Amino acid sequence: LLAKQTVLELGTGMGDSASWFIEAGCEVVTVDIKSFEVCFDIHANVSKIVADDRFFPIREDAKFALVFVDSNHQYEHTKYEIALALKHATKFLAFDDISWNGVSRALREANINLYGIGHDIGAFRLAG
């Protein structure tokens with residue numbers, strides 16, 4: 001479903017999720033608040049962007065087949081990232097750590113009912 005599509009990942013960590021998307025044939029734009037050295041540093045299908053809490057470095061009109069959210073799991077930050085995900089995703093939203101209190105509360109309030117696709121990971125298909 002996502003091969004040759006572009007994925008926006010919010011929260012890079014060690015790069016495990018980005019690596020899975022690369023293996024599936026996706027282009028990946030990954031954003032984190034810190035500089036990171038991860039396993040895909042030399043991979044051509046990844047654009048790494050270091051951001052901070054004062055700005056979001058993706059163009060307002062940018063669209064991605066999937067937005068994968070796995071950064072700060074606090075309630076307020078998750079609400080902010082849900083808004084970003086809804087704005088930029090064209091096909092799917094996915095979230096890691098969906099059982100964490102802040103994440104689950106923000107998803108409930110946004111009426112996003114995820115389908116479990118792995119250990120503590122859920123996905124939502126957008127209409128259209």
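Starting from the range 107-126, take each residue that is within 15 Å of Ala83 (Cα to Cα) and list its partners that are of a type in the set (D, E, K, R), counting only C-beta distances under 8 angstrom and pairs at least six apart or across chains.
Listed by first residue and then by second, the contacts come to Glu109/Lys79; Ala110/Lys79; Leu126/Lys91.
Got at least one residue in the range 29-48 being out of contact with any helix residue (DSSP H, G or I) (no Cβ under 6 Å at 6 or more places or on another chain), aliphatic (A, V, I, L, M) and at pLDDT 75 or above?
Within the range 29-48, one or more residues are out of contact with any helix residue (DSSP H, G or I) (no Cβ under 6 Å at 6 or more places or on another chain), aliphatic (A, V, I, L, M) and at pLDDT 75 or above.
Counting just the residues of the range 87-112 that are part of a loop (DSSP other than H, G, I, E, B) and aliphatic (A, V, I, L, M), which one comes out nearest to Ala127 (Cα to Cα)?
So in the range 87-112, the residues part of a loop (DSSP other than H, G, I, E, B) come out as 97-100, 110-112.
With the extra rule that they be aliphatic (A, V, I, L, M), the set shrinks to 98, 110, 112.
Values: Ile98: 21, Ala110: 15, Ile112: 12 Å.
Within the range 87-112, the match that is nearest to Ala127 (Cα to Cα) is Ile112.
If I ask for residues that are polar (S, T, N, Q) and surrounded by 21 or more Cβ atoms within 10 Å (Cβ to Cβ), which ones from the range 72-92 would you list?
Hit for the range 72-92 is Thr78, nothing else.
Go through the range 93-110 and count every residue that is of a type in the set (A, V, I, L, M, F, W, C) and open to solvent by 30 Å² or more (accessible area, probe 1.4 Å).
Residues in the range 93-110 being of a type in the set (A, V, I, L, M, F, W, C) and open to solvent by 30 Å² or more (accessible area, probe 1.4 Å): 3 in total.
Output the qualifying pairs, or none if there are none: Cβ atoms under 7 angstrom, residues six or more apart or on different chains, first residue in the range 56-84 and touching a residue at least 24 places away in the same chain (Cβ under 8 Å), second residue open to solvent by 60 Å² or more (accessible area, probe 1.4 Å) and in a strand (DSSP E or B).
Taking only residues 6 or more apart or on different chains, the pairs are Lys63/Thr90; Phe64/Thr90; Ala65/Thr90; Ala65/Lys91; Leu66/Lys91.
So which of Leu66, Leu84 ends up being assigned to a strand (DSSP E or B) and modelled with pLDDT of 85 or more?
Answer to the check: Leu66.
The values are calculated or read from the model by the stated rules, or taken from the named source; none is laboratory data. Since the model is a prediction, treat every value here as computed from it, not as a measurement. Cβ sites come from the backbone with ideal geometry, for glycine too, and all protein chains shown count toward neighbours. Please note that ligands, DNA and RNA were not included when accessible areas were found on the heavy atoms of the full protein model with its side chains. Shrake-Rupley method; radii C 1.70, N 1.55, O 1.52, S 1.80 Å.
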